[in-house]
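Okay, so here's the structure we're looking at.
The values are calculated or read from the model by the stated rules, or taken from the named source; none is laboratory data. None of these values were measured; they are calculated from a predicted model. Cβ placement follows ideal geometry from the backbone for every residue including glycine, while neighbour counts extend to all protein chains displayed. Only protein heavy atoms, including side chains, enter the accessible area calculation; ligands, DNA and RNA are left aside. Shrake-Rupley method; radii C 1.70, N 1.55, O 1.52, S 1.80 Å.
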Amino acid sequence: MASIPKSEYARRRKALMEQMEPNSIAILPAAAVYIRNRDVEHIYRQDSDFQYLSGFPEPEAVLALIPGREHGEYVLFCRERNPERELWDGHRAGQDGAISEYGADDAFPIGDIDDILPGLIEGRDRVYYALGTNQEFDRHLMEWINVIRSKASRGAQPPSEFVALNHLLHDMRLFKSAAELKVMRAAAAISVRAHIRAMQASRAGLHEYHLEAELDYEFRKGGAKMPAYGSIVAAGRNGCILHYQENDALLRNGDLVLIDAGCEIDCYASDITRTFPVNGTFSAEQKAIYELVLESQEAAFAEIGPGKHWNLAHEATVKVITAGLVRLGLLHGSVDELIASEAYKAFYMHRAGHWLGMDVHDVGEYKLGGEWRVLEPGMALTVEPGIYIATDNADVPKKWRGIGIRIEDDVVVTRKGCDILTEGLPRTVAEVEALMAAARTQAA
Ligand code: GLY
Ligand code: MN
Ligand code: MN
């Protein structure tokens, strides 16, 4: 299965350390284990920043990068080997494994961190750390700093500055390497198969969770440990609820199903939405709205490339959707005025996309110095326009109400424009209907 090679983690650490000011230390904690209920834990997912720099999959770990440290720049605190605990909970790398398998220069038991980390911080001018994202760890860090301060009269030197680590690290994460794109393409390919399987399985009388099960089957069979976010399987009017999660309603003849789901491979997300008819054939109204969303997505793709700023793709979707809604008689007036007054937001209330990477809504600034960011090769993003006609929208004829349609694909900016990572999944009305018709013929 595609994964990030060890050498890439080393390259990332080096790249970060090269950008840090002299005489500094960066500190990052691993994600905590969260209790689901009583003795049951949530499936463990490593913190994305910690994973990005280490590839180390265990909880109860802390990573420190200390450029120029004589005894090693990369220090990892982690759990000790423990045959009894490993019998119950599984393998631990231990300190030897942290060095031999994960490339740490130096490794210590996590239980010794209070004794050792203050000594590593002491004498450094700056601490790079994401203050405010992990309250418990913030408190620990302040305790370690206070240990150093308490020894100031004996010559100990506490750091004078805290620097937000996120600026450096998240800008690195925004630009995907060849290895990252390989993993993201692998995640996308599995998610494409999952969406195809759900379309093929759809029929009236099933429930939304039947289709969710088809998605999960392909995700797991492809080697994905989990979806990148809670799958949305929304039939009929549920498609108008943007983050619908119940997934337990009946699939009815004549309704659409909106599926927004993607798996995660080696901590990299995919994020795909397709909307298709439960029975395999779009009604005239469903088709009209679908083709408008598709036209807006095509217009967005054309605005994604080097030199084009982040918001151009969104603006393109707003123009196409507003003009289309006027054409269909769902909005009335001049397109420019309807855009200026944001009247389109009654139907299209979200943005056309977001950065995509280790987090489904990935890190990275959208504006720099107050201006929309200009796209560059290696940035990955989603393109996901939608139209949602509320069931209680009394301003539109009844035949349109309750239709919710989104089409979402994942792209990477290239030197010439953009590449679609989620290629191979039916997108046009004809492609969707043909795939579903073929599945019905086979089943009959
Ligand atoms: N699945 C979340 C989103 O599309 O942004
Ligand atoms: Mn999505
Ligand atoms: Mn998305």
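What angle do you read, to the nearest 10 degrees and between 0 and 90, between the alpha-carbon axis of helix 311-327 and the longest principal axis of the chain?
It works out to around 20 degrees.
What are the radius of gyration and Dmax of the stretch 131-254, computed over its Cα atoms and given in Å?
Final numbers for Rg and Dmax: 24.1, 79 Å.
I'd like to compare 193-199, 206-212: which one has the highest average count of other Cβ atoms within 10 Å, and what's the full order after that? Could you put the intermediate results ahead of the total?
Numbers: 193-199: 22.6, 206-212: 19.3.
Sorting 193-199, 206-212 by mean packing, highest first, produces 193-199, 206-212.
Could you tell me the calculated FRET efficiency between ARG154 and SER3, based on Cβ-Cβ distance and R0 = 60 angstrom, to the nearest 0.05?
Details: r = 48 Å, r/R0 = 0.79.
For R0 = 60 Å, the calculated efficiency reads 0.80.
Report the charge-dipole magnitude of the stretch 302-427 in Debye, nearest 20, computed about the Cα centre from +1 at each Lys and Arg Cβ and -1 at each Asp and Glu Cβ.
Numbers: 14 positive and 18 negative charges, 89 e Å.
Magnitude of the dipole: close to 420 debye.
Checking the a/c ratio against 1.5 first, then a/b against b/c, what shape does the Cα gyration tensor give for the stretch 350-444? Please report the intermediate quantities before stating the final value.
Numbers: a/c = 3.05, a/b = 1.38, b/c = 2.21.
Oblate is the answer for the stretch 350-444, as a/c is 1.5 or above yet b/c matches or exceeds a/b.
If each DSSP helix of 4+ residues adds -39,500 (n - 2.57) and the sum is divided by the residues in the chain, what number results at 222 nm, nearest 500 deg cm²/dmol? Don't skip to the end; give the middle numbers.
On the way: 13 runs with 163 residues, N = 444.
When only DSSP H runs of four or more count, the value is -11500 deg cm²/dmol.
Does the stretch 174-321 come out rounded, prolate or oblate, given a ≥ b ≥ c as the square roots of the eigenvalues of its C-alpha gyration tensor, rounded meaning a/c under 1.5 and, failing that, prolate meaning a/b above b/c?
Numbers: a/c = 2.29, a/b = 1.14, b/c = 2.00.
Oblate is the answer for the stretch 174-321, as a/c is 1.5 or above yet b/c matches or exceeds a/b.
For the chain, with every protein chain kept in place, what is the accessible area per residue (1.4 Å probe, Å²)? Walk me through the intermediate numbers first.
Details: 20230 Å² over 444 residues.
Here the residues of the chain average 46 Å² of exposed surface.
Run the dipole for the stretch 1-159 about the Cα centre, Lys and Arg Cβ at +1, Asp and Glu Cβ at -1, nothing else charged, and hand back the magnitude in debye, nearest 20.
340
Along the charge dipole of the stretch 1-65, Cβ charges K/R +1 and D/E -1, which of VAL62, ASN37, ALA15 sits furthest on the positive end?
ALA15
What is the projected area of the convex hull of the Cα atoms of the chain, averaged over all directions, in nm²?
Working: hull surface 100.7 nm².
Quarter of the Cα hull surface area: 25.2 nm².
For the peptides 259-269, 31-41, what is the packing order when you average, over each peptide's residues, the other Cβ atoms within 10 Å and list the highest mean first? Walk me through the numbers before you get to the answer.
Working: 259-269: 26.5, 31-41: 10.3.
Put in order of decreasing packing, that is 259-269, 31-41.
I'd like the carbon and sulfur percentage of the solvent accessible area for the chain, probe radius 1.4 Å, heavy atoms only, ligands and nucleic acids excluded. Could you put the intermediate results ahead of the total?
Values: 10050 of 20230 Å².
Heavy-atom surface of the chain belonging to carbon and sulfur, 1.4 Å probe: 50 percent.
Which one of VAL75, PRO158, MET349 is farthest out on the positive end of the charge dipole of the chain, using unit charges on Cβ (Lys, Arg +1; Asp, Glu -1) and the Cα centre as origin?
About the Cα centre, the residue reaching furthest to the positive side is MET349.
Rounded to the nearest whole Å³, what is the per residue volume of the convex hull around the Cα atoms of the stretch 278-338? Present the calculation step by step, with values, prior to reporting the outcome.
Numbers: hull volume 5.7 nm³, N = 61.
Cα-based convex hull of the stretch 278-338, divided per residue, equals 93 Å³.
For the chain, what is the charge dipole size about the Cα centre, in debye to the nearest 20, if Lys and Arg each add +1 at the Cβ and Asp and Glu each add -1 at the Cβ? Could the numbers behind the result be given before it?
On the way: 48 positive and 66 negative charges, 189 e Å.
Value, rounded to 20: 900 debye.
Between THR441 and HIS332, how many nm apart are label points set 7 Å from Cα along the C-beta direction?
4.6
Output needed: percent of Cα pairs per 10 Å distance bin for the stretch 74-153, bins running from 0 to the one holding the longest distance.
16, 38, 33, 11, 1
What is the Cα centroid distance between the stretch 271-307 and the stretch 84-133, reported in whole angstrom?
Here the two parts' Cα centres lie 48 Å apart.
Do you know the relative contact order of the chain, to the nearest whole percent, from alpha carbon pairs under 8 angstrom that are 6+ apart? Intermediate values should be presented prior to the final figure.
Values: 876 pairs, mean separation 59.9, N = 444.
Worked out over the chain, it gives 13 percent.
Heavy atoms only, probe 1.4 angstrom, no DNA, RNA or ligands counted: give me HIS354, HIS309 ranked by accessible area, highest first. Display every interim value, and only then the final one.
Values: HIS354 20, HIS309 50 Å².
Most to least solvent-accessible, the answer reads HIS309, HIS354.
For the chain, find the longest principal axis of its Cα atoms and tell me its angle to the long axis of helix 284-301, 0 to 90°, nearest 10.
40
Using a 10 Å cut-off on Cβ atoms, rank the peptides 137-150, 407-420, 53-66 from the highest mean neighbour count down.
On the way: 137-150: 15.3, 407-420: 19.1, 53-66: 21.8.
Put in order of decreasing packing, that is 53-66, 407-420, 137-150.
Quick one: how many Å² of LYS345 are accessible to a 1.4 Å probe, rounded to 10?
Here the accessible area works out near 90 Å².
Where Rh is the Kirkwood radius over the Cα pairs of the stretch 295-407, the temperature 4 °C and the viscosity 1.567 mPa s, what D in µm²/s does Stokes-Einstein return? Intermediate results must be reported in sequence, preceding the final value.
Details: Rh = 15.1 Å.
Taking Rh from Cα pairs, D becomes 86 µm²/s.
Just name one of ASN393, LEU53, LEU174: the one whose Cα is farthest towards the positive end of the charge dipole of the chain (beta-carbon charges, Lys/Arg +1, Asp/Glu -1).
ASN393
Hey, which aspartates and glutamates would be in cross-link range of LYS308, C-alpha to C-alpha under 16 Å, not counting anything within fewer than 8 residues on its own chain?
The qualifying aspartates and glutamates are GLU298, GLU365, GLU371, GLU376, ASP419.
So which lysines can LYS182 reach, going by Cα to Cα under 16 Å and dropping same-chain residues fewer than 8 places off?
Correct list for LYS182: LYS6.
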